[in-house]
Amino acid sequence: MINRILSFFSSGNIYNATNIKEQNNYSSEVKTLLESLDEHFCDGKITKAFELLNTALEKHQHKESKYYILLKKAEYFLELRNSEKTKNILEVLNKDYNEYKDIRYKELLLSIYSAEKNEKDFFELVKDLKTEKDDIKSNDYFKIIFYLNSGNIEESKKLFNSLSKEKQEKNHLIAGHIFSNSYNYLNKNEEDLKKANTYYKLVLETNPSFLIKLHIKGFFIQIIINEYFRVKKEFKNEVVIEYKELLDKLLEAEKFLNQQYSNELKNFKAYLLLILDLKNDYIDFYEKNSEILFDEHYLQYCNYKNININHSLIQKKVLQNYKVLLIYSSLLLIKNENTKIILSYFNKNTELLLKSDTIIYFYVFASINENTVISKNIANYINSNLEKNLELYFSHLLLKKNENKKIKNIEITTLFNFLEKANILNDIIFEVINFLMEVKKSELYIKLAILKQNEFKNLIGYILKKCYEDKEIKISDFENFIKAIKDKSNYYGHIADIYFKFSRLDKAFEFYYKIWEKNKDIISAKNVLITGLHNFVKYKNRLSEENENEVLYYLQSIQKELDFTDINLISYFNLFVNRDVNNAFGIINKKILSLNIDELDNENKMQLASMYFSSITNFKDTEINGFQKNTIYYKNKNYYLDKELFQDVHEIYVKKFKILLIDKLEINKISDDKTYEQKSLFHSIINEILETVDSPYFKVMKVDWGIEKPFEDLQKILSSQNLQSSNLIKKYSEGKEIGFWSLSKGYDKYFNLIVKLLEKENLNFNSCRVNFKDKNTPKLLTLSSIIFLNYWDKLDTVLKREDVYIQKSTFDYLLSYKEKLNKENELLYVFEEDGKLCKNIITKEQITLFLDNLKKILDNIAYVKIIDDIKSTLLFKESFSITEYIGIQEYHAIALSFEKNYQLITEDRMLEVIFEILKFNTTMISNSLSLLKREDIIDLAITLHKKNYKYVFDITIIQSLLDNLINLLINSDISTNKLSVKEINLLNILNDYGFLEKIKEVYFHHYKVLYPKVVLPKEDNLSKNLEYIIAYI
């Protein structure tokens, strides 16, 4: 609705007493009355003002007084956009009160002429006014008002902009109306919006009349409504509610309004109820005004009432009203039972689709979702108008994708150009993001989100959801997005979750801790603790001991509010991270004893079993037993427990587990009695339920010491595991792509595995290819190659190279492993062999010997050669899952190689396979032979080849050997002079690698008589040489 100027000669619409020509008793009374009426009207008490007006008209029969009262009534009707009522009164005044007509009468007439675009009468009246009044406004002023009120916005704006700045500042209301109308009805120019905002704020500071305030605030509320429905933009509820109160006040005077104006206001109010989500009020208001509101609100009403749409009824309206057509077509974006009905209608009436390119997009989107055929007319129209706008171009790309046609990069670029320039609908931008994700253009949907983050309410959250789901996204793109988010505080949780999924635990911890600082609740505390625990398990270091313990102590302080899983978490953290055994078992024991353990679900039992086995693996008995909160005494099949320490004990422990609760004094006596066995409370209880745990990760068993063969079940498990391990080794030896981690499941097993592959005659050692790189390329030496080189006494030489570096994760592991072995007196391994249960004990002397070797390795590693790889991750999400097959050190090595351009040195063929799959440069991975001097390689290569190790040569050495061989074949008599043992060994390596096939082909095709020939081959020196080497291979 166009905002108009209704008062030509004053800043507001307040009665001017100077219009009354002569002061008399009547005029004085009327003047007081009119001022009183203005106070009511300007305060929004419109009905009251009209009631007083009508009473005054009955009371005052004096003609001149009546003239001014009628003039005031005409003025009020004009303010209420009721121009017909105004014209009727002006006609009466012209006919019966002609002698009293004054400037205010002519001012009202000017407003009527301008609203009706009656340019001729308007400017004739202006000319007439100029003869009557000396200080009349300028011609430009009247032109601006005429064009503004008649709807010629461009001309009014053009004239206003041509005025001097001084003149522009004289009437803020006129300026505000010009720029607000320009913004609403021309091109949504942000500069116009800015100027309208500036001028309107100045008007509002003067405390204008009720209606002027309503029109100004209505302009801003219209923007809020538009932006809400376009991009779901947030708004301040109180601002909309304040305007609704003004509107309700005006609608109380509905009978004085022009009918069209009243209908527009009711439509506007319905939208206010919608965005305020006042469903019941909306339904009630619609039902009272259904005829007026049907076109724009029927569909929403059906949605709120949860009733079926009357398609026949609305389809009739679609033919008459474009706005109804647009609203009806927008239902195509919602997949439900209505979609096919609406598609069928539009397929029969395709001419309706051509009324808007936005409607065509809705149609294409729904047709693809419903898998229905697109109208040929519409498809042709889209193809003929691709470059017209975003809606058509995106529709074209959706159709291409639906037909499984390749989307070209140039097409994606064109799409993005449209996105940068266009005002995008909320529904379109989210579908574009889905599309870009599907065509693997995550960097573009992130760029789009950064560009449009201020426009769309839910865009940031939606993009973060996509980042979490998108397996192709690069962490660098994700982090660029995070940097660009202006207010991150609402998204800390989403950001942390994504970092966690990327295995960037340090960053996940940082954002989870921010949430904890903000919320101080159970969920945020658990997330901090879980992240810290994951990091410790993987890297054996703390992210922040202070922050981790802060949330740990908080959770411990509210144990009564925590469920079983939460209690298990804090116990586990205390045990394995803080190594606070007493507190860890004290917390979990207290929880277990308070429950019926038999009724625990399998998931909770699995958690307990995990803690049970992990504690046995990571702690010695002496480190677990003897703590007050984890001690129970055992004698004659009865258990004895301190009832003062554990006050809430479920009856099942007394009845089934035969636990006797005794006081502190008795406990003290028992503790000194050597006939009582002191046990771990936790392990005693969990041992009783282990056989009931159903887990795919481990098989649990309970040992019965009373039977003849108590270890029979254990032997079966070990036999099964040994067979599985043997099968893996056999498959690896046969060429199956199995990594060292899968073969060993522990870095401490790498030492034995590599020796086994080198020394077992029936096993093949399938390493990587040899790829020489000069010293300009830094080399990253992995654990497998460290062990391998050390076996051959080559490690010291290699570590002296300037271009060789060691991972920090590898160095830290070797250091911790050395410290662990220092504490051991012997190591016990139990295994099954030939149907018998066997054990292998590694003595202290053997451990010491191994430790000396390990120390030698560590001493050879210079500190400056250690590269921090802990935070290195591959740039695609879920990449961390490959650690199941290659181990965490190898994962970081690959990531560091990719990030910093290191050549990876490893004996693990699986890493080379990953390079091939990821399409990395395969020359950037090599076995450790590439680090040896070429003159030192030959003898070692022959030895390795005999041990079934490959590969021993790179292509340059092979080519050199082949050249030498060909030279010998042609120019020497090797059949007489013979080859050395070394040369024969090299010959066999070339043959095993398949490089002698061409030479053998020459011999068998040209010299060997395998079938009748017309001309028999002649024996020559080459033939003798060939025959000689064929005999050896």
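Taking every residue in the stretch 340-355 that is in a loop (DSSP other than H, G, I, E, B) and pairing it with any residue that is surrounded by 15 or more Cβ atoms within 10 Å (Cβ to Cβ) and at pLDDT 90 or above, at least 6 positions away or on another chain, the pairs with Cβ-Cβ distances below 7 Å are L354/Y381; K355/L325. S65 passes every criterion in (1) surrounded by fewer than 20 Cβ atoms within 10 Å (Cβ to Cβ); (2) part of a helix (DSSP H, G or I) apart from (1).
When the residues of the stretch 551-575 are filtered to those that are out of contact with any helix residue (DSSP H, G or I) (no Cβ under 9 Å at 6 or more places or on another chain) and part of a helix (DSSP H, G or I), the one that is farthest from A893 (Cα to Cα) is K560. The helices (runs of 4 or more DSSP H) found entirely in the stretch 232-312 that carry 2 or more residues being surrounded by 16 or more Cβ atoms within 10 Å (Cβ to Cβ) and not aromatic (F, W, Y) are 237-251, 259-275, 290-305. Within the stretch 133-160, the residues that satisfy the criterion of being surrounded by fewer than 19 Cβ atoms within 10 Å (Cβ to Cβ), assigned to a helix (DSSP H, G or I) and either modelled with pLDDT under 90 or among the hydroxyl-bearing types (S, T, Y) (or both) are N139, D140. Of the residues making up the stretch 341-352, one or more are under 36 Å from the mean Cα position of the chain (by Cα) and surrounded by fewer than 16 Cβ atoms within 10 Å (Cβ to Cβ). Could you tell me whether the stretch 630-647 includes any residue that is of a type in the set (V, I, T), within 52 Å of the chain's Cα centre (by Cα) and either under 25 Å from N596 (Cβ atoms) or surrounded by 18 or more Cβ atoms within 10 Å (Cβ to Cβ) (or both)? Yes. Candidates L299, L325: the one that is out of contact with any Asp or Glu (no Cβ under 9 Å at 6 or more places or on another chain), aliphatic (A, V, I, L, M) and modelled with pLDDT of 90 or more is L325. Being surrounded by 15 or more Cβ atoms within 10 Å (Cβ to Cβ) and out of contact with any helix residue (DSSP H, G or I) (no Cβ under 8 Å at 6 or more places or on another chain) is a property that E227 has.
The residues listed here are N630, N638, N582; of these, the one that is touching a Lys or Arg at 6+ places or on another chain (Cβ under 6 Å) and in contact (Cβ under 8 Å) with a residue 40 or more places away in the chain is N582. Checking every residue in the stretch 120-132 against the condition of being buried (at least 19 other Cβ atoms within 10 Å of the Cβ), within 52 Å of the chain's Cα centre (by Cα) and among the aliphatic types (A, V, I, L, M) gives zero matches. Listed here are the helices (runs of 4 or more DSSP H) enclosed by the stretch 731-803 that have at least 3 residues being at pLDDT 90 or above: 783-791. Just so you know, in the stretch 2-48 the residues that are part of a loop (DSSP other than H, G, I, E, B) and at pLDDT 85 or above include one that is farthest from S180 (Cα to Cα), and it is K45.
Please state which one of K452, K501, K474, K457 is modelled with pLDDT under 95 and within 25 Å of F576 (Cα to Cα). Among K452, K501, K474, K457, only K501 is modelled with pLDDT under 95 and within 25 Å of F576 (Cα to Cα).
Per the listing K773, K749, K779, the residue uniquely in the same structural domain as V804 (by TED's automatic domain parsing), in contact with a helix residue (DSSP H, G or I) (Cβ under 9 Å, 6 or more places away or on another chain) and without any contact (Cβ under 8 Å) to a residue 12 or more places away in the chain is K749.
The values are calculated or read from the model by the stated rules, or taken from the named source; none is laboratory data. Just so you know, these numbers come straight off a predicted model, no measurement behind them. Positions of Cβ are backbone-derived with ideal geometry, glycine not excepted, and every protein chain shown enters the neighbour counts.
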